[in-house]
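Asker: Sharing a structure here in structure tokens format.
The values are calculated or read from the model by the stated rules, or taken from the named source; none is laboratory data. Note that the coordinates shown come from a computational prediction; the quantities given were computed from them, not determined experimentally. Here the Cβ positions follow ideal geometry from the backbone for every residue, glycine too, while neighbour counts run over all protein chains shown. Keep in mind that these areas ignore ligands, DNA and RNA; they rest on the heavy atoms of the full protein, side chains included. Shrake-Rupley method; radii C 1.70, N 1.55, O 1.52, S 1.80 Å.
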Protein chains: 2
Amino acid sequence: MLDVAILGLLMDRDHHGYEVRSQLRERLGVSANVSFGSIYPALARLERHGLVEAVAPAAPRSPAISTGSLAGERASLRSLRTSAGLGRRGRKVYRITERGRQEFRALLADPTTVDDGRTFSLRVALARYLTPALRVRLLERRRQDLLERLTEVRQGADNPDLDAYARSVMSHAAHSVELDLEWIDDLLSIERSDSETFAREAK
Amino acid sequence: MLDVAILGLLMDRDHHGYEVRSQLRERLGVSANVSFGSIYPALARLERHGLVEAVAPAAPRSPAISTGSLAGERASLRSLRTSAGLGRRGRKVYRITERGRQEFRALLADPTTVDDGRTFSLRVALARYLTPALRVRLLERRRQDLLERLTEVRQGADNPDLDAYARSVMSHAAHSVELDLEWIDDLLSIERSDSETFAREAK
DNA sequence: GTTCCATCATATCACTTCGATATATCGATG
DNA sequence: CATCGATATATCGAAGTGATATGATGGAAC
């Protein structure tokens, strides 16, 4: 689901690979540091599929009339970089394409993929790109999954075959799921009160 | 860290691959269904490294004096399986070796690997195999990580650049981390009261 | 009793992700 | 002006995922 995350960031504004990593944490709440070994291949993949494109850099500094041979080499290297989409400081900045926007909305709304905690949080963080109806569907789907998980970990917490540590893990998992459920119910009640407001104003 | 999980299960009793998957959920609280595409290669890897070994099955039913050619083929197939460590119903049961036990304790206590939520829960679920001192170290290390994460997500929750959904994700992440911290502090206080009890009894 | 189905069980595939490592540039500090 | 930490891209092997194939087993339905 890294693709959705990257496309989601690019919906807002252009980014280069290095920046994507920090933005994932800061804007989308991704807890683990996603490795560059997944980000750069992902960007290349998205570019290959025509969902993003490399952006010509803003203003590649004064053209610098070359004098010495060394300076000339450096200048040509620089122009080589800029033509390849590399801006100042070797940055390769990407922009989302129209096909990318379409694909992003499709991926974000896709009901066939099962969410775990990470992908669900990611989707919520990007929920402003969903319609109210799709938001409610996303939340209710996750709610169901969590209810099932809850009965499972509650059983584990009461399982006398497990030692105190394993039971503690199960019991904490149960509390954690309960907290998630409260969150989802909050979000759902906000969605519903929003749609009420909308209905009232529509009169 | 799948290796630790599997070795941890085998510390208790022998298992075959298919069983490992369910036990991961039931006994170790792993939330995602770990795929067979990782379990079987992991077992093969552990066997290659001499940390586990295939077990000859308990009692491969009555030897069945073969009569017809078809029955004979089936019987020979069965003996072929049993000799390869395949028991009834094609199960390949694994047992942990002495080297495996040593490696398990080393991996479980290893302070160089950074825990995320999943690996930390896994380690706690297996914490009975750690010494009290190592348990406290594990808990305090995680506690530090969570405190850092907490300041980060709290900043995100207050960041006016983010929309309501992204801020909600951050705010929920903060509550979730707070719950984790309470859990860890509970576990720590239990560890300390246990060591007190021990000290008192030692008098 | 045998046919049929869900579950049990192993295995492999292409693809994605991770963690480590290499390399180079920029900007501030001394 | 040297050097060090942060910025930035890239690539590698190992490991995990999700899908799919294949077949045995046990029990239920008829």
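Asker: Assuming a ≥ b ≥ c are the square roots of the Cα gyration tensor eigenvalues, decide whether segment A:131-202 counts as rounded (a/c under 1.5), prolate (otherwise, with a/b larger than b/c) or oblate. Before the final figure, lay out the partial values.
Answerer: Numbers: a/c = 5.42, a/b = 3.62, b/c = 1.49.
It is prolate, given that a/c is not under 1.5 and a/b is the larger ratio.
Asker: Which of rounded, prolate, oblate describes segment A:134-175, given a ≥ b ≥ c as roots of the alpha-carbon gyration tensor eigenvalues and a/c under 1.5 marking rounded, otherwise prolate only if a/b is larger than b/c? Walk me through the intermediate numbers first.
Answerer: Working: a/c = 5.98, a/b = 3.34, b/c = 1.79.
Prolate is the answer for segment A:134-175, as a/c is 1.5 or above and a/b outweighs b/c.
Asker: Per residue of B:185-195, count partner chain C-beta atoms within 10 Å of its C-beta, then hand back the mean as an integer. Kindly include the intermediate steps, with their values, before the conclusion.
Answerer: Values: counts 0, 2, 5, 0, 0, 3, 0, 0, 0, 0, 0.
Partner Cβ neighbours, averaged per residue: 1.
Asker: Separate question: What average count of beta carbons from other chains do you get within 10 Å of the Cβ of residues in A:175-182? Write down the numbers at each step before the final one.
Answerer: Details: counts 4, 7, 1, 1, 5, 3, 0, 2.
Per residue, the average neighbour count from other chains is 3.
Asker: On average, how many beta carbons from a partner chain sit within 10 Å of the beta carbon of a residue in A:26-37? Walk me through the numbers on the way to the answer.
Answerer: Values: counts 8, 8, 5, 14, 2, 8, 3, 1, 0, 0, 0, 0.
The per-residue average across the peptide is 4.
Asker: Highest first, please rank the peptides A:28-39, A:169-180 by the mean number of other Cβ atoms sitting within 10 Å of their residues.
Answerer: Numbers: A:28-39: 15.2, A:169-180: 20.5.
Ranking the peptides A:28-39, A:169-180 by packing returns A:169-180, A:28-39.
Asker: Enter the buried accessible area of the A/B pair, total of both sides, probe 1.4 Å, in Å² rounded to the nearest 100. Could the numbers behind the result be given before it?
Answerer: Details: alone 13030 and 13030 Å², together 23240 Å².
The A and B chains share an interface burying roughly 2800 Å².
Asker: Another question about this same structure. Ranked from highest to lowest mean number of other Cβ atoms within 10 Å per residue, what is the order of the peptides A:42-51, A:6-15?
Answerer: On the way: A:42-51: 16.6, A:6-15: 19.6.
The peptides rank, most packed first, as A:6-15, A:42-51.
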